[in-house]
Structure formats: structure tokens, C-alpha cells
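Visitor: I'd like to ask you about the structure that follows.
The values are calculated or read from the model by the stated rules, or taken from the named source; none is laboratory data. The shown structure was predicted, so the numbers you read here are calculated from the model rather than taken from an experiment. Positions of Cβ are generated from backbone atoms using ideal geometry, with glycine treated the same way; all protein chains shown enter the neighbour counts.
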Amino acid sequence: MSIALLFPGQGSQQVGMGKDLFEGSPAARSVFEQADEALGMPLSRLCFEGPESELTLTANAQPALLTTSIAAWACARERLGLLRPAVALGHSLGEFSALVAAGALRFTDAVRLVRLRGEAMQDAVAPGVGAMAAIVGLDADALQVLCEEAGQGELVAPANENGGGQIVVAGHAGAVERLCALAKSRKARAIPLNVSAPFHCALMQPAAERLSAALADVAIAPLAFAVVANVTGEPNSDRACVADLLVRQVTGRVRWEASVLRAAALGVRVGIELGHGNRLAGMVKRIAPEIRVVSCGSPAQCDVLNGLGDDA
């Protein structure tokens, strides 16, 4: 049986996340303590107690989610022993978590990188200038044509291919608004998203440059297993490609649907969602129902997985 590790991205954060891991797993507790020390702030307390307004800030949410995911991975290894996944997938920010699990990035380096990444993405576009929306009911080619029509000198482009007929777009607020109107005129649904910046589009170029500079000073180790890159939808095992793929991801489209289909083609039949919530489980079910996804966000959930490591 082939197993994939799945790591959620921004939007999955919730006050109280990771507290069960911290209290019930020495290995997970150590991860939270390392994050607090690396960032010089009580990130663990923010995860457990909030306030929500602080936790949802991009610069806080990204390291908080990565820390919770890696704490879950540490707990799973502590409880289950050796897990040998065929591949790992992370949705947007989750790609960093996947790379930590694969051994390519040290956790302390990764938590500092995603803190910088969150700050840089927030700073790249002034509040109100950008927007995002979820479009349901148009294929990628038809949506691309509408994006070009809606642009009118501004930018709007597909940002996330989430599967199940949903594609998220990002760009200038006016262009996104025009795109939504065009989509509705084609009988598609258009749902504006409450986000702080237009992620995964060309407006994020300043953030990509800051991340690139930071990655130049970070050691990248060989990968213990392949990680599917968001921007290509293909598994990568070459450490020399990791930094470039992460930088391209900031401005590039998250090809989540293609990533999940690639995992299924590799023979993956079980996914372990590591971190808070089960958002990815629903997305995977829409894309590749042959993959059964189980959650691992607490010691009790990790115990339920007992036996998977022997079959992997």
C-alpha cells in the first residue's frame, strides 16, 4: 500500500490548534518549543490561545500552520515508528511542511522562512489593491479567456486549481471584480474570498525576491522521499531544485488537482493529513476518490493510524 503525506496551507488555522499535540506528545512539544525559540516569540501560545485576529495574520498563520503540521508528523513518528511514504504533498504553504518531513529543510530554518514569506507576501501589495475569488463551473481554458477579457490593463489570473471544478483567481481588485461578473454571466459561481493579499500571482513578485534571497543562506539536504511541487504538479527528489520551486510557487499557480492526480497515478491509496483540520481530505475526495485520507492532528488520531507504518 502506497502512502502520501498531506500538509495543509493557509486558511486551515484555528485557535486551539496543536494544543492536544503539545500536551500529549513529547516529540510534538519539542517542535513547538523549537518554533518559539527560533522566532523569539510565543508562537505556541498564539496557536493555543489566540487571539484569532493575531493568528490569522499571514505572518503568524504561516509559521503556526507549519509548526502544527510538523508537530503532528513528530507525534506520528513517535507513536507509529518508521513511516515510509511514497511521496508528500503540501498545499501552498504546506509544501514547506512536506520538505521538512522529507528532510530537505531543517524545521528551524523552515519556520523562519515562512515567517519571512508571510511578511513579504503581506507587504507585496497594499491593502485593498488586490483580491481573490473562487470560480466554480468553468474549466481552466475558459477561465483563462475570461481573465484576459477582464484584465483591461490590470492583472487577474488563475492562482489555485483546487479540483472539483473550483479554480481560485487572484489579481488587482477591479480585475477580479470584472472577472466575477463575467463568470456569473457564463452561469458559473463566483465567490469573493476574504484574504489579505492576492496570493500566487505576478503581484507577489517582490515577495518571491525576498524569499529567494533568504533561501540563498539556507542549507538544503537530500530528500528522503519525493515532494510534489505546487508549480509543476510533479514529484521532485532533487535538492538542487527545491529553492527554485519554492520561489516560483510564490507567484505561480498552485496545481493541487494535478498534484493529487499524479500521486494517484503513482499508486497512492492512503493519504495522511498532518496538521489541523481535514480540509485536504475533502479536496482529495473530489479529485481522486480512490485515495482514502485519514487525519492526524492529535495523539489520539495518530494512534488510530497504528499499523500503517508496517504496510507502507
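Visitor: Would you please name the residue that is surrounded by the most Cβ atoms within 10 Å (Cβ to Cβ), looking only at residues in the range 124-171 that are touching a His at 6+ places or on another chain (Cβ under 7 Å) and assigned to a strand (DSSP E or B)?
Guide: VAL156
Visitor: Checking ARG186 against (1) surrounded by fewer than 16 Cβ atoms within 10 Å (Cβ to Cβ); (2) under 16 Å from ARG253 (Cβ atoms), which single condition isn't satisfied?
Guide: In the conditions (1) surrounded by fewer than 16 Cβ atoms within 10 Å (Cβ to Cβ); (2) under 16 Å from ARG253 (Cβ atoms), ARG186 misses (2) alone.
Visitor: Pairs please, first residue from the range 41-64 and over 23 Å from ALA124 (Cβ atoms), second anywhere and of a type in the set (Gly, Ala, Ser) and modelled with pLDDT under 95, Cβ atoms under 8 Å, 6+ apart in sequence or on different chains.
Guide: Listed by first residue and then by second, the contacts come to nothing, as the list is empty.
Visitor: I need the full set of residues from the range 221-279 which are modelled with pLDDT under 95 and assigned to a helix (DSSP H, G or I), in order please.
Guide: ARG279
Visitor: Right, next: Just checking, which of PRO85, PRO63 is touching a Lys or Arg at 6+ places or on another chain (Cβ under 6 Å), at negative phi and not aromatic (Phe, Trp, Tyr)?
Guide: Result: PRO63 is the single residue among PRO85, PRO63 that is touching a Lys or Arg at 6+ places or on another chain (Cβ under 6 Å), at negative phi and not aromatic (Phe, Trp, Tyr).
Visitor: Please go through the range 189-227 and pick out each residue that is closer than 20 Å to VAL100 by Cβ and without any contact (Cβ under 8 Å) to a residue 40 or more places away in the chain.
Guide: Of everything in the range 189-227, those that are closer than 20 Å to VAL100 by Cβ and without any contact (Cβ under 8 Å) to a residue 40 or more places away in the chain turn out to be SER212, ALA216, ASP217.
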